[in-house]
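> One structure is given below, represented as structure tokens, and several questions about it will come after.
The values are calculated or read from the model by the stated rules, or taken from the named source; none is laboratory data. From a predicted model like this one, the values you see are computed outputs, not experimental measurements. All Cβ positions, glycine included, derive from the backbone under ideal geometry; neighbour counts span all protein chains shown. Remember, those area values only see protein heavy atoms, side chains included, never the ligands or the DNA or RNA. Shrake-Rupley method; radii C 1.70, N 1.55, O 1.52, S 1.80 Å.
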Amino acid sequence: MDMDKQRILIVGGGSGMGLALARCCLDKGATVIIAGRGEAKLDVARGELGRAALETAAVDISREAEVAALFQRTGELDHIVSTAAAIEGAYRLLPEIELEAAQRVVESKFYGPLLLAKHGAPKLSAKGSLTFVSGIAAYRPAARGSVAAAVNAALEGLVRALAVELAPIRVNAVSPGWVDTPIWELVAGDRKAQTLAAMAERLPAGRVGRPEDIADAISFLMGNGFTTGETLHVEGGHRLV
């Protein structure tokens, strides 16, 4: 994908998959705005990426006023991506789930993308795109993962509907499998390495994902003008085993 002189907003770009995507886009000549809730994480990302073409913005995408204000500052955009996911406390067995934790997941992975589309679409050109991140839990649900399974499935339904409503702007999702990112420290704690290694042995790809794998998939969706309303599965064959 030719990203030279394009303006790309990445929500959740301060770490993991979003940070890998930001680096990829900057390397290809884009101007990147990374947005997230925490100023500290944004500062770390700014220092790590260290590019003049990088901008940052603090925003809580579950709050409509903040999302509207964000797009007043960004100006015109070519692509909008959200990798944001507030999952802390959500991976629990049903009797242990607290509603507040479930609500945070819904706000970050469903209401957030909805608001980004509502306020961001008017800033996109007709050749622009929105790309969101769902996940393997929608297809391979497990104990402790009921909230993630439901929200990821809902997000993919939203993507299909938005692709129709916002056409010719393209709207897609990437559905990662297990990817080695900091989010696993919340899911598995000190068993992160052991848990990921066990999954790597099961997968046809022979390994778990890397943030760069997902960044590459998102780059494809941004650049392919004939793909919309789709969910691109990047999961090492997880749905097959």
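> Heavy atoms only, 1.4 Å probe, whole protein assembly: order Thr195, Thr131 by accessible area, highest first. Intermediate values should be presented prior to the final figure.
Values: Thr195 35, Thr131 0 Å².
Ranking Thr195, Thr131 by accessible area, largest first, yields Thr195, Thr131.
> How long are the three semi-axes of the equivalent ellipsoid for the range 148-241, computed from the Cα gyration tensor as the root of 5 times each eigenvalue, in whole Å, largest first? Working shown, then result.
Numbers: eigenvalues 157, 41, 27 Å².
For the range 148-241, the ellipsoid semi-axes come out as 28, 14, 12 Å.
> Full-extension gain between Ala154 and Ala188, please, as 0.36 nm times their residue separation minus the C-alpha to C-alpha distance. Display every interim value, and only then the final one.
Working: separation 34, 0.36 × 34 = 12.24 nm, distance 2.42 nm.
Full extension of this stretch gives 9.8 nm more.
> With every protein chain present, what is the per residue accessible area of the chain (1.4 Å probe, Å²)? Spell out each step's value before the answer.
Details: 11320 Å² over 241 residues.
In whole numbers, the chain has 47 Å² accessible per residue.
> Another question, then. Going by average Cβ neighbours within 10 Å, how do the peptides 49-57, 209-217 rank, with the highest at the top? Provide the component values of the computation, followed by the final result.
Details: 49-57: 15.1, 209-217: 20.4.
Averaged packing, sorted descending, gives the order 209-217, 49-57.
> I've got another one for you. In Å and from the alpha-carbon atoms only, list the Rg and Dmax of the chain.
Cα radius of gyration and Dmax of the chain are 16.9, 51 Å respectively.
> For the range 1-98, what percent of Cα pairs sit more than 24 Å apart?
Details: 1178 of 4753 pairs.
Within the range 1-98, distances greater than 24 Å cover 25 percent of Cα pairs.
> Each label point is 7 Å from the Cα along the Cα-to-Cβ direction; what then is the distance between the points at Ala161 and Arg92, in nm?
2.8
> Still on this model: In the chain, what percent of the accessible surface is made up of carbon and sulfur (1.4 Å probe, ligands and nucleic acids excluded)?
Working: 6030 of 11320 Å².
Reported share for carbon and sulfur atoms: 53 percent.
> Efficiency by 1/(1 + (r/R0)^6): what FRET value for Ala53 and Lys118, r their Cβ-Cβ distance, R0 = 25 Å, to the nearest 0.05?
Numbers: r = 27 Å, r/R0 = 1.08.
Computed FRET efficiency for Ala53 and Lys118 comes out at 0.40.
> A 25 angstrom limit on the alpha carbon distance is what I want to check against. Which of Lys41/Lys127; Lys118/Lys192; Lys5/Lys123; Lys28/Lys192 exceed it? Walk me through the numbers before you get to the answer.
On the way: Lys41/Lys127 31 Å; Lys118/Lys192 36 Å; Lys5/Lys123 16 Å; Lys28/Lys192 32 Å.
Going by Cα-Cα distance, Lys41/Lys127; Lys118/Lys192; Lys28/Lys192 fall outside the 25 Å limit.
> Also, I was wondering about something else. Quick check: residue separation of Asp216 and Ala142 times 0.36 nm, minus the Cα distance between them. What number comes out in nm? Working shown, then result.
Details: separation 74, 0.36 × 74 = 26.64 nm, distance 2.71 nm.
Gain on stretching Asp216 to Ala142: 23.9 nm.
> Once you order the gyration tensor axes a ≥ b ≥ c over the Cα atoms, which shape class does the range 179-223 get: rounded for a/c under 1.5, otherwise prolate or oblate by comparing a/b with b/c?
Numbers: a/c = 4.24, a/b = 1.63, b/c = 2.61.
Oblate, because a/c is 1.5 or more while a/b does not exceed b/c.
> Further, regarding this structure: Specify which residue in the list Val67, Trp184, Ala148 is farthest towards the positive end of the charge dipole of the chain, using unit charges on the beta carbon of Lys, Arg (+1) and Asp, Glu (-1), about the Cα centre.
Ala148
> Given the C-alpha centroids of the range 1-60 and the range 86-152, what is the distance between them in whole angstrom?
The two parts, judged by their Cα centres, are 21 Å apart.
> Same structure, new question: Using only Cα atoms, figure out Rg for the range 8-54 and give it as a multiple of 2.2 N^0.38 Å. Write down the numbers at each step before the final one.
Values: Rg = 9.2 Å, N = 47, 2.2 N^0.38 = 9.5 Å.
That ratio works out to 0.96.
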